[in-house]
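The values are calculated or read from the model by the stated rules, or taken from the named source; none is laboratory data. Keep in mind that what you see is a predicted model, and the values were worked out from it rather than measured. Every residue, glycine among them, receives a Cβ derived from its backbone with ideal geometry; neighbour counts consider all protein chains shown. Ligands, DNA and RNA are stripped out before the accessible areas are found, and what is left, the full protein with its side chains, is counted by its heavy atoms. Shrake-Rupley method; radii C 1.70, N 1.55, O 1.52, S 1.80 Å.
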Amino acid sequence: MNKYKWIVTAAVLLVFSCISEDYFGLSSIGNIKNIEVSNQAQNAVINNDSLAVKVEIPSGVDLSNIAIEVLEISSFATSDKGVGDFLDLNNPQTIELVAEDGSKYVWKIEAFIASENQQLDNYELNLWYQTSTNYFEPGADASSTIWGTGNPGTQILNKLATTPIDLGDDNLAAKMETLDNGPIAAAFGAPISSGSIFTGVFNSDKIDPSNPEAAIEFGTPFAGRPQALKVKYSYTPGTENKDKDGNILEFPDACDIYALLEIRSGGTVERLATAWFRSSAAQNELSTLEIPFTYGPLDASFPEYTFPTDHGFVSRDSANFVLPTHITFVGASSFGGANFAGAIGSVLIVDDVEMVYE
């Protein structure tokens, strides 16, 4: 396939991947597709059959003044509430949607109290669902999962850099491998695909071939204050670490495993805590790794790559007591994968992404 045919094929696939609700005539669909409210501890549980939404709120939060921060509804539908409106979730509240054809849907919104020692949904990585294009992604299904991979962007090249692996006794884990994208992709500045898994969403509408992370919306609601991140992992670095131009680098490839606690409010982001592990050392057997969270600003003893690039930290005083609103977890087989740098054949396996509390 020549370069021009490859571009056309990719474009066609991306267009079809963006279609979420097909219909003829006026749409009768009135679904809540995603909702986030202030102080939310986990992704909302949305039931399209019963028109019900349940949101998890930490203990001690005033439920009488909960703000809607994200509200995504069916195409062409309208809502009687929107971002910035407040809900009194001491009792169930309603959101009324009107579909394009005038059909009305009254959704019930309820709150329940979050666990004090919160864990990520599917933190054991045992649940994987099959996509419409016949590859597997972590989670029970596409609508409820908090996990994403870079596979939606690479499968147009017939490349899947993140796959489930059975460790035995039906114990599944995530296997991430840095793959050779082939000469055509290399000619366009994308020689490799680094395997990755993250909390967040891969948004196909934002795919940018020159920037693998452009389509990734990192993070998921979270309200715990863990002391450490604990994971099981193994790692085998590839033999030749290269930059995007094919030049051999003077340093070896390395894996990245990290978690960031953040406070997101009013369009701003502040880092609350950091737990980061980057290593080029081979770890052939699955081993338990515990990475402490550092709350508040990092000092000069931390590597530069652990610092936020487009926002700051919470104040030292507030770092002692405030709850996060979101957590971003990332595992990657090549730490430079976002810049198309890495060693082909680097393999990272991650299992049991656990938060450790006192």
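Exactly one residue out of ALA190, ALA223, ALA228, ALA185 is of a type in the set (Gly, Ala, Ser), surrounded by 19 or more Cβ atoms within 10 Å (Cβ to Cβ) and under 30 Å from ALA319 (Cβ atoms): that is ALA223. Pairs are defined by a Cβ separation below 7 Å, a sequence spacing of at least 6 or placement on different chains, a first member in the range 296-311 that is of a type in the set (Val, Ile, Thr), and a second member that is in a loop (DSSP other than H, G, I, E, B); the pairs so defined are THR306/LEU298. On inspection, ASP208 qualifies as over 28 Å from LEU286 (Cβ atoms) and modelled with pLDDT under 85. Scanning the range 136-153 for residues that are open to solvent by 20 Å² or more (accessible area, probe 1.4 Å) and outside any loop (DSSP other than H, G, I, E, B) yields PHE136, PRO152, GLY153.
Taken together, the criteria place GLU304 among residues that are more than 30 Å from ILE165 (Cα to Cα) and open to solvent by 20 Å² or more (accessible area, probe 1.4 Å).
If you take the residues of the range 39-89 that are of a type in the set (Val, Ile, Thr) and assigned to a loop (DSSP other than H, G, I, E, B), which of them is surrounded by the fewest Cβ atoms within 10 Å (Cβ to Cβ)? The extreme case among them is VAL83.
Of all residues in the range 246-261, those being in a loop (DSSP other than H, G, I, E, B) and in contact with a helix residue (DSSP H, G or I) (Cβ under 9 Å, 6 or more places away or on another chain) number 1. Candidates are the residues of the range 156-174 that are open to solvent by 50 Å² or more (accessible area, probe 1.4 Å) and in contact with a Ser or Thr (Cβ under 9 Å, 6 or more places away or on another chain); the one that is modelled with the lowest pLDDT is LYS159.
Selection of first residues in the range 184-205 that are at positive phi and of second residues that are open to solvent by 40 Å² or more (accessible area, probe 1.4 Å) and aromatic (Phe, Trp, Tyr), restricted to Cβ pairs under 9 Å at least 6 apart or on distinct chains, gives the following pairs, ordered by first then second residue: GLY200/PHE218. Across the range 307-331, what is the total count of residues that are in contact with an Asp or Glu (Cβ under 9 Å, 6 or more places away or on another chain), hydrophobic (A, V, I, L, M, F, W, C) and open to solvent by 10 Å² or more (accessible area, probe 1.4 Å)? Qualifying residue count, the range 307-331: 2. For ALA273, the requirement of being under 19 Å from ASN117 (Cα atoms), among the small types (Gly, Ala, Ser), in contact with a strand residue (DSSP E or B) (Cβ under 7 Å, 6 or more places away or on another chain) and surrounded by 15 or more Cβ atoms within 10 Å (Cβ to Cβ) is met. Residue check: is SER196 of a type in the set (S, T, N, Q), surrounded by fewer than 16 Cβ atoms within 10 Å (Cβ to Cβ) and within 14 Å of the chain's Cα centre (by Cα)? No, not satisfied.
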